[in-house]
Amino acid sequence: MTEQNDPYHGTRILVIVAALAIITGSIHQAQSVLEWLLIAIFLAAIGAPSVLWLERHRVPYAVAVLLVVVGMAAVLAVIGLRLGMSLNNFYADLPEYQARLQKHVSSLQTFLATKGIRFADSIQFVPVTPETVRRLAASLLAGLGSVLFEIVVVLLTVTFILLEASSFPAKLRAILGDPQRDFHTFMRFVYDINRYMGIKTAISITAGALIWIWLWFLGVDFPFLWGFLAFLLHYVPNIGALIASLPAVALAFIQLGIGPAVLAAAGYLAVNFILGNVVEPTLMGRRLGLSTLVVFLSLMFWGGLLGLIGVVLCIPLTMTLKFVCENNKST
């Protein structure tokens, strides 16, 4: 029976749309749980190649998993300490930055006045008091305990995922009741996801390190903080690099003036152009099969659904959805 002669075709479409709406709403409501699960899967995908490398060098699989997870915990601890120190110092220096910004704005108003451009009222910023700084620092410390607990939960989840990864195909064959089932297509997809995450992580680390070194060379305060922000937002396609550059360039202008701010912006442009337009396409090739429009729409969709983690993982999530649809005749 064709779709034109099928009296239930419209009803089925409505049921599918309603089901998608319910699933989407449920995912959004479970965002707080799903985001940490996705982080654990993301870390497991990054750590899996290291586990396999250790296993190939005759390290027992369980020991390899333990070594990789301990390494992740050590890296996260070092990064967390450095970020905490940078944020605390940044909060302490806020009044000084505000005074410098007020001075730059007053100088700009004076310059524009010489050109015949005058403002009815001078621009004044609400002063940042020591009490405000103390409240910001207190809120940072208050959130530290919950963050540490969530990190422990994530690392435990990563451990269990990696321990179960090697037996997953056998268990899936048992569930399907087909001991000879071939998962070549699925394993190829998993390989592509792991390859994407590995390359993206390496490129993001490179971008963060280069930005860190460049800002340190220019003398911009807290270069590690801005380097880490560049590393994190480099996962976000199209707009992540631009967003990461804004606070560092603004701070360079407030702290050092227009010249260093231009140099800081030039450094961001050079790093993002070389890594984003030369290195990344060369390493990844055309295997993703996602157009620029699809990438941008997936960024908006997953970001609205899952928040920041959806923005960071929008490409792997879209690739997963694409794989499911490609391997189902009805889609």
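All but one of (1) at pLDDT 75 or above; (2) among the β-branched types (Val, Ile, Thr); (3) over 19 Å from Leu43 (Cβ atoms) hold for Ile203, so report the exception by its number. Ile203 satisfies every listed condition except (3). Listed by position, the helices (runs of 4 or more DSSP H) contained in region 1-119 that have at least 2 residues being at pLDDT 75 or above and closer than 28 Å to Ala248 by Cα are 31-56, 61-92, 94-114.
In the set Ile315, Ile239, Ile254, Ile243, only one residue is hydrophobic (A, V, I, L, M, F, W, C) and free of Cβ contacts under 8 Å to residues at least 24 places away in the same chain; that residue is Ile243. A count restricted to region 200-218 and to residues that are open to solvent by 30 Å² or more (accessible area, probe 1.4 Å) and within 15 Å of His234 (Cβ to Cβ) stands at 7.
The values are calculated or read from the model by the stated rules, or taken from the named source; none is laboratory data. These numbers were taken from a predicted model, which means no experiment stands behind them. All Cβ positions, even for glycine, are placed from backbone atoms using ideal geometry, and neighbour counts span all protein chains on display. Only protein heavy atoms, including side chains, enter the accessible area calculation; ligands, DNA and RNA are left aside. Shrake-Rupley method; radii C 1.70, N 1.55, O 1.52, S 1.80 Å.
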